[in-house]
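Heads up: the structure comes next, in C-alpha cells.
The values are calculated or read from the model by the stated rules, or taken from the named source; none is laboratory data. What you see is a predicted model, and the numbers here were worked out from it, not measured in a lab. Please note: Cβ atoms are built from the backbone with ideal geometry, for glycine as well, and neighbour counts cover all protein chains shown. The protein model used for the area step is the full one, side chains on, heavy atoms only, and it has no ligands, DNA or RNA in it. Shrake-Rupley method; radii C 1.70, N 1.55, O 1.52, S 1.80 Å.
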4 protein chains.
Amino acid sequence: MAQNVAGFAEEYQVGETLKQFISNMTEHINGLKKNIPIEDVISFVDRILNSETIFILGAGRSGFVARAFAMRLMHMGFRVYVVGETVTPRIQENDLLVAISGSGETTSVVDLARKAKKHVGCQIAAITSRRSSKLARLADIKIILKSRDKKAQPKGKDKDIAPLGTMFEISALIFLDGLVAELMKIKNLSEEDLRKKHSVLE
Amino acid sequence: MAQNVAGFAEEYQVGETLKQFISNMTEHINGLKKNIPIEDVISFVDRILNSETIFILGAGRSGFVARAFAMRLMHMGFRVYVVGETVTPRIQENDLLVAISGSGETTSVVDLARKAKKHVGCQIAAITSRRSSKLARLADIKIILKSRDKKAQPKGKDKDIAPLGTMFEISALIFLDGLVAELMKIKNLSEEDLRKKHSVLE
Amino acid sequence: MAQNVAGFAEEYQVGETLKQFISNMTEHINGLKKNIPIEDVISFVDRILNSETIFILGAGRSGFVARAFAMRLMHMGFRVYVVGETVTPRIQENDLLVAISGSGETTSVVDLARKAKKHVGCQIAAITSRRSSKLARLADIKIILKSRDKKAQPKGKDKDIAPLGTMFEISALIFLDGLVAELMKIKNLSEEDLRKKHSVLE
Amino acid sequence: MAQNVAGFAEEYQVGETLKQFISNMTEHINGLKKNIPIEDVISFVDRILNSETIFILGAGRSGFVARAFAMRLMHMGFRVYVVGETVTPRIQENDLLVAISGSGETTSVVDLARKAKKHVGCQIAAITSRRSSKLARLADIKIILKSRDKKAQPKGKDKDIAPLGTMFEISALIFLDGLVAELMKIKNLSEEDLRKKHSVLE
C-alpha cells in the first residue's frame, strides 16, 4: 500500500492547494470584516451581558465551533452551558440560546430552538449564513455571516477546496473569537483573568 | 441588570475590537502561508494516506479542532477515530496517532501519546506551536505552526485580543482544512463525494 | 458550611435509603427477567447480526446507556456508531438505528428516528418503557422494558427513591449487557476477544 | 448474509443467557447491599454536601456511569462538572474530585487525579473495585465496590457472561443512584424538585 513519497508530492505539488486554500480564506475573512452586521452584533453583545445563563447549541463541525465559544464564555466568567452536555440544566425564560448552523436547517438545532422558543420563551440568537433559513426566521437576534454553507451549490474557486460548511465554520470561529475580544474589553478582563478559570485537568 | 444598549455600544465602540481581531488574524494567517513546513506536510500526508487507521487526539479547544479534522477525514472515506469517543477501538502498530496541542504540554495528550509510542509503537504526528515541547519531542512527524500558545507570555498587539491558545487553534483549523483540500485533490474527491458520507442525523 | 458528620449520619440513618434502593432494584430486575419479550429480543438480535452498520441514539442518561452498549458492540467487532459523535457517517438503508428513550418522547430522539425512517428507510429498534410512545410507534422492533420512566407519575415505594428515569436507565443497561452476553455466545466470542478491541488510550 | 431467524434462536436458545446474566446480576447486587462500606459512604456524602464544587472523572464505560451520576447531582442543585466537558472550570482547593475506575489504573484518570492532588490539593474520592490500585491509594475517600473489573481474570460463572468491567459498571451505577436517593432525603428533595432542573432541550 506504500506509495513513493517523493513521487506523490511532486505529482500533486503538495503544498500548492494548501496555499490556495489559505489565500481564499484570507480573502474571505477580509470580506467578513467589511460586512460585520454592527447593529446585530450590538444586540448580541447586549444579550450576552444581560442574560441569566447562556446556552450554546450546534451540531457537527458547527457544534465544535459552538463549544469553542462556550469555553471562552466560561473563561470570562459567564454562566454558560452546551445543549446536550451532562450538567446542562433546564433553560429558563431569562436565558439566551445561541444556535449555530451554517445552513440554518440542521434538524436537531432547528427543532430544539423552536422548542425553546415555544415552551420557554427565552431569547434566541442564530449564527448562520442564511437569513431565510428556518433557524434565522425563528431567532430574535440574527448574525448572518456571508459564507457558503454546506447546502449551497459549490461555485467558483471554492469548489472542492473548501467543501460543505468549511467557509462558514472557520468564519464563525473567527467571528466569535473576535466577539470574545470585545467582551473582554467591555468586562475589563485580561488574558490572566481567563487563565485563572482555564481547566488544569486536561 | 439591563444596560443602556446604545450607551455601552458607544462607550466601548463595539465592533472596533472585532475588526482589529480579524485584521490580526488575517496577518497571522498570511504568515502561516509563508511558513508552511513543506517537507513535514509531505510526510504527514504520506502517513495519512498509508496508515491503516487514523486516531485523533486533543483536549479543550484544540480537541474541537481535532474533531473537526476527524470529521472531514471520515467524509473523505478514511478509517478514523477520536481518542476518548465511544466506538474508538484499540490502536495498532500500523496506525497513525495525530495529537494536537498548542503548548505541546497538555497532560492527557502527552501521557496518551507517550503510552501509544511505548506500548503500541505506532507513528505519532504532533500538531503544535512548540518544537521543544514534550509532545513534539516524542512525535515522528512534527507540524510546527508558529503561533502564540496559551503558555507563552502575551505580547504586542495580541495581548488580550487573542487570549490563551486562540491564535494556535484558529491556525490549526485553517491548516488542517487546507490539508483536507490537498487530500481531496490527491484522492480525486469532489465535494459531492464528501456530502455522501455526511451525517443526515444531526 | 461544615456539618457534624456523625450528626447527619445518625439523623438521616445514612445507608438505610441506599439499602432500600438496592432492594427495590433487585426486585425490579427480577421482574425484568420474568417479562423478557422473547420474540422481540430474537428479532432485535437478528437485526444486530444482519445489519451492515448499527447506529445508536439516545439523549441524557439514556444516552449514556446507549453509549455503553455501543462500546460493547465495538468490542465484539460490529460496525457501530453513536449518532452525534464525530466520525459517525451517513446512515444507509441496510443499517439499523437503535434508539433508547424511557418515555419514548424525547424530542431529538423521536425527530431523528423519524427522519431516518422517512428519508433513509432503515430498520429502527426502540428500547423504551412505553409501547404507546411516539418512538415505539414508529419503530420496526420494539423492546418494551416495564419500568417507570421520567414522565410517569411516581407512586408507591419508588417515589423519591428512584426519581425520573432511574429505573428504566438501570434496567436498560442490564438488559443490553445481558444481550451482549447472548451475542458473545452466538458469535463464539470470549472475554479475551473483547479485550483485544478495548481501547488502551484512556 | 441473512440467517434463518427461528433457526439461530432455537440453536442458541436466545433468552437463556440473558436470564442467566440477570440472575448473576441480582445475586451480585445483593452482595453489594450486604457489603456497603458505611463509614466510607458517610465520609463521601459529607464531602459531597460540603464541597464548593464537585468534579466527576471517568473514562470509557465508567465515564458514562460518571456522567449519569453528575447529571443527577445537577438535578439536585449541586454545582457539578464533568472533567473534559466544555464548560468545566479550573478545580480549586475546596472542591471534590470524584474519580471512577473499576481497575483503578486507567491512565488518564490516575494521571489527572494525581495532578489534582499535587497541584490543587483538593479532596479526591475514588469509586473503584480495587483497594490496592493507584487510584485508591491516592484518594482521600475510597469507595470499594467488590466486583470483578476488566483487568481481573474472569472466573466461574461470570466468565464470558459479564466481560471486562461490566459487573463493576452496573454496580457503580446502582450504588451511585442509591446515593442519589440518600442525598435527596438529606436535602429534602422530591422527584418534582429534580424535574424542575431536568433539561427540556434534549
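For segment A:55-70, residues that are more than 27 Å from D:Val65 (Cβ to Cβ), of a type in the set (A, V, I, L, M, F, W, C) and within 7 Å of another protein chain (Cβ to nearest Cβ) total 1. Against the test of being polar (S, T, N, Q) and farther than 25 Å from B:Thr86 by Cα, the options C:Ser62, C:Ser23 yield a single qualifying residue, C:Ser23. Only a single item in (1) aromatic (Phe, Trp, Tyr); (2) part of a loop (DSSP other than H, G, I, E, B); (3) open to solvent by less than 10 Å² (accessible area, probe 1.4 Å) is not met by C:Phe8, and it is number (2). Scanning segment D:36-54 for residues that are over 16 Å from C:Leu18 (Cβ atoms), more than 7 Å from every other protein chain (Cβ to nearest Cβ) and either open to solvent by less than 30 Å² (accessible area, probe 1.4 Å) or hydroxyl-bearing (Ser, Thr, Tyr) (or both) yields D:Ser51, D:Thr53, D:Ile54. Of everything in segment A:168-186 that is in contact (Cβ under 8 Å) with a residue 12 or more places away in the chain and under 12 Å from B:Thr17 (Cβ atoms), the residue that is farthest from the chain's Cα centre (by Cα) is A:Ile186.
Checking each residue in segment D:16-35 for being free of Cβ contacts under 8 Å to residues at least 40 places away in the same chain and facing chain C (nearest Cβ under 8 Å) picks out D:Leu18, D:Lys19, D:Ile22, D:Ser23, D:Thr26, D:Asn30, D:Lys33. Residues that are more than 11 Å from chain A (Cβ to nearest Cβ), within 27 Å of A:Leu194 (Cβ to Cβ) and open to solvent by 20 Å² or more (accessible area, probe 1.4 Å) within segment D:87-116 comprise D:Glu93, D:Asn94, listed in sequence order.
Would you mind stating whether A:Leu73 is at the interface with chain B (Cβ under 9 Å from one of its Cβ atoms) and either open to solvent by less than 50 Å² (accessible area, probe 1.4 Å) or over 18 Å from the mean Cα position of the chain (by Cα) (or both)?
no
In segment D:190-200, the qualifying residues are those that are over 21 Å from the mean Cα position of the chain (by Cα) and at the interface with chain C (Cβ under 8 Å from one of its Cβ atoms), and the one that is surrounded by the fewest Cβ atoms within 10 Å (Cβ to Cβ) is D:Ser190. Is it true that A:Gln13 is within 11 Å of chain B (Cβ to nearest Cβ), part of a loop (DSSP other than H, G, I, E, B) and open to solvent by 10 Å² or more (accessible area, probe 1.4 Å)? Yes: the conditions hold for A:Gln13.
Checking the stated criteria, C:Gly84 turns out to be in a loop (DSSP other than H, G, I, E, B), within 14 Å of chain B (Cβ to nearest Cβ) and at pLDDT 95 or above. Scanning segment D:51-81 for residues that are assigned to a loop (DSSP other than H, G, I, E, B) and of a type in the set (Val, Ile, Thr) turns up just one, D:Thr53. Going by the conditions given, is B:Thr128 within 12 Å of another protein chain (Cβ to nearest Cβ) and crowded, with 23+ Cβ neighbours inside 10 Å? Considered against the rule, which asks whether it is within 12 Å of another protein chain (Cβ to nearest Cβ) and crowded, with 23+ Cβ neighbours inside 10 Å, B:Thr128 comes out as no.
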